[in-house]
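To keep things clear, I will list the structure first and then write my remarks on it.
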Amino acid sequence: MLRSRRTSRLDMARMYTNESFPQQAVEILQQLGHDVETSHQAGNSGVAMPDEEVLSYAVREDRLVVTLNRRHFIALHSIRPDHAGIVVCTFDPDFDRLAHAGDAQLAEAVSHHGVLIRVHRPSSEK
């Protein structure tokens, strides 16, 4: 059962997910109270949009970029720190866990603007 821990609009993040981010995780983030726009909704899917343009779109829309494309967006964070936030995730086939881990990382950040947030899949070792 998903329950939102969100108590105010200030807790909600405006996000933009590129094509690499799973739709199931998007839906969970939305259920948690986030305003998530996908590349498909923005009309940017299937056009091989370069990562620089993905980031530029998110900057114009004042949205955090959420992606599984870690290497390129970590590099872009260094080159262009004027973004609304970048969330790079390790792929996790458990989309519920992926979405909740991202939600928890966002909740810990004081500000998202210009911040690189890393969401890692938990280790399978015990």
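Miscellaneous remarks
- Around residue 44: net Lys/Arg minus Asp/Glu count, Cβ-Cβ under 10 Å: -3
- The residues packed around residue 80, meaning those with a beta-carbon under 12 Å from its beta-carbon, carry a net charge of -4 if Lys and Arg are +1 and Asp and Glu are -1.
- Base-10 log of normalised Debye intensity for the chain (one unit scatterer per alpha-carbon) at q = 0.15, 0.17, 0.22 Å⁻¹: -0.63, -0.82, -1.40
- Neighbourhood charge, 12 Å Cβ-Cβ cut-off, centred on residue 15 and excluding it, Lys, Arg +1 and Asp, Glu -1: -3
- Stretch gain in nm, segment residue 71-residue 59, where the contour uses 0.36 nm per residue and the Cα spacing is subtracted: 2.4 nm
- Exposure proxy for 40, 100: other Cβ atoms within 10 Å of each Cβ, ordered fewest to most, give 40, 100.
- Exposure proxy shown here: for 88, 110, the number of other Cβ atoms within 10 Å sets the order, fewest to most, as 110, 88.
- Ranked for footprinting exposure by Cβ neighbours inside 10 Å, fewest first, 90, 67, 38, 17 give 90, 38, 67, 17.
Read the figures in this text as sums done on the coordinates, not as results from a lab. All of these numbers come straight from a predicted model, not from anything done at the bench. Ideal geometry is used to build each Cβ from the backbone, glycine not excepted, and the neighbour counts take in all protein chains shown.
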